[in-house]
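Only one structure is covered here, and it is reproduced in the block below.
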Amino acid sequence: MFHTLTLTGPAVDKTLPLILAVVLAFAGFLVLRRSPKLAVSVWICVLAFVPIWLGVNVGFNGNYYLPPATAAGLLVIAALIPLPRMRLSWLDGLLVLVVVAAICSLYTGSASIAMSALFSIVTYYVIAYLIGRFAPMRVDARWLHGAIAIVFTGVAVLAIIEGLTHWNPFVEIHASNAMYTIWGSIQERGGVPRAEGAFGHSIALGSSLALAIPLTLAAPFRLWVRAGMVLLMLVGTVYTFSRIGMVCALLGLVLSILFMRDAITRKARITLVAAMLAVSAVVFPLVTAVFDDAGSEASDSANYRGDLVSLIGTMNPIGVASSAEKNSAGNLYFGDFRSIDSQLILTGLTNGTIVLIGILVALAGGIILLVRRKASPATIALVAQIPAFATVALITQYSIFVWFVAGLAATTQLIPLSTAGVMLNTRAVEHPRHTRSDARPPVRSAA
């Protein structure tokens, strides 16, 4: 006897969008697979211009969340495969340590908290890292720097417009989920709205623009183009009124000027220093006025971050800290603190001190490469973010961008590069032990 399968109205409402999504994803994969540059460009645009709340809930009960950049990233990774022979990096080992520690955390108590942390690591960190790791193997690193520069110049322009008009078009895109409730509102400082762009938070926007500055300076454009792009990014960070965003933006610029010598000529360094001083002189009164109007808001925020140090004693070698607990509403607290405004401390609280030490060693390694003038532009960008890692958490697209740049740093430190971060030809990628005579000579700055 045959039975007819029938779908009710609600079942059809859920099934048809799923089928449509699968078909569109497959079609997108076929298109992106034909052009690695297109695949990477699309992903960077999704990262920068699609708000975090436009993702999808996954899992049996829909209790886990897949950000838009992560969903797109899965397609991009599939499109970039197969790859040339890949050499392992010490950053690969760090990522494995983070994932293994997160898995081990499932068996050390607080399993529900550990599972949420593990899912976040995979969706925010691992996928982005793999894209950053794979992309320079399929497209020229200088082209990749240029793509990031163009997209984040657009981000900076929108931030400036938002700062001047106090209008954010992205928060007008509503979503009926918790992510929109958390990130879909505009912050203020001193009564002035802070630019957030599509990043859901002013700190995330400011820190992401700062992260893009060293990569922009390594882009294959003329001096005046790169200088103009960086100038826009600096002004964009100002309108976030994020102290750490502005600090990291200036630090990224200064470190690039000092240590990216082959990509930045003497003339370019003088021009960039002049631009930095000019921007500082122009925006200083505005920033000072806003922070004066904010009163004790900024100092209270700094004091709160200082109080987080008391949680270090509750960290475990592996797994979630003993101070972690969820209240009846499902909100996670560490002691009396709900918001952990330090990614380094948050890492120790959720993954354990072993992972925290591994990340500190990796950052120290980046500083050593920088001082020895062997750091790629991506490594310089990460070193410039160290103040942010100590004082803010990795949130929204900022967390994804950081781990993308980490993957980019891992690959560009291994593939034969000039100090400017110039990618050599595919043959050099497949045979990394070739001498410099086997490779394309570095392309000098047009400045």
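Within segment 258-277, take every residue that is assigned to a helix (DSSP H, G or I) and touching a residue at least 40 places away in the same chain (Cβ under 8 Å) and give me the one that is farthest from the chain's Cα centre (by Cα). Among residues in segment 258-277 that are assigned to a helix (DSSP H, G or I) and touching a residue at least 40 places away in the same chain (Cβ under 8 Å), the one farthest from the chain's Cα centre (by Cα) is LYS267. If you go through segment 352-389 and pick out every residue that is among the small types (Gly, Ala, Ser) and open to solvent by 40 Å² or more (accessible area, probe 1.4 Å), you end up with 1. For ARG222, state whether it is over 22 Å from ILE395 (Cα atoms), open to solvent by 30 Å² or more (accessible area, probe 1.4 Å), of a type in the set (Lys, Arg) and modelled with pLDDT of 85 or more. Considered against the rule, which asks whether it is over 22 Å from ILE395 (Cα atoms), open to solvent by 30 Å² or more (accessible area, probe 1.4 Å), of a type in the set (Lys, Arg) and modelled with pLDDT of 85 or more, ARG222 comes out as yes. Could you grab me the full set of residues in segment 325-361 that are within 17 Å of the chain's Cα centre (by Cα) and more than 22 Å from THR108 (Cα to Cα)? Residues satisfying the conditions are ASP341, SER342. Only one of the numbered conditions (1) closer than 30 Å to LEU217 by Cα; (2) part of a helix (DSSP H, G or I); (3) of a type outside the set (S, T, N, Q); (4) without any contact (Cβ under 8 Å) to a residue 24 or more places away in the chain is not met by PHE134, and that is (4). Taking the conditions (1) open to solvent by less than 20 Å² (accessible area, probe 1.4 Å); (2) part of a helix (DSSP H, G or I) in turn, ASN168 satisfies each one other than (2).
If the condition is being in contact with a helix residue (DSSP H, G or I) (Cβ under 9 Å, 6 or more places away or on another chain) and either modelled with pLDDT of 90 or more or closer than 14 Å to ALA393 by Cβ (or both), then segment 322-345 contributes LEU332, PHE334, PHE337, SER339, ILE340, ASP341, SER342, GLN343, LEU344, ILE345. Flag not set for THR347, criterion: in a helix (DSSP H, G or I), hydroxyl-bearing (Ser, Thr, Tyr), open to solvent by less than 20 Å² (accessible area, probe 1.4 Å) and within 18 Å of LEU215 (Cβ to Cβ).
Residues in segment 171-187 that are within 27 Å of ALA384 (Cβ to Cβ) and either in contact with a His (Cβ under 6 Å, 6 or more places away or on another chain) or not in a loop (DSSP other than H, G, I, E, B) (or both): TRP183 alone.
The residues of segment 390-411 that are more than 17 Å from LEU215 (Cα to Cα), open to solvent by 10 Å² or more (accessible area, probe 1.4 Å) and either among the β-branched types (Val, Ile, Thr) or under 11 Å from the mean Cα position of the chain (by Cα) (or both), listed by number, are THR391, LEU394, ILE395. Restricting attention to segment 297-312, the residues that are open to solvent by 40 Å² or more (accessible area, probe 1.4 Å) and either modelled with pLDDT of 75 or more or in contact with a helix residue (DSSP H, G or I) (Cβ under 9 Å, 6 or more places away or on another chain) (or both) total 10.
Taking (1) at pLDDT below 95; (2) more than 19 Å from the chain's Cα centre (by Cα) in turn, ASN168 satisfies each apart from (1).
The values are calculated or read from the model by the stated rules, or taken from the named source; none is laboratory data. Quantities reported herein were computed from a predicted structural model and do not represent experimental measurements. Using ideal geometry, Cβ is built from the backbone for each residue, glycine included, and neighbour counts are taken over all protein chains shown. These area figures cover heavy atoms from the full protein model, side chains too; ligands, DNA and RNA do not enter into them. Shrake-Rupley method; radii C 1.70, N 1.55, O 1.52, S 1.80 Å.
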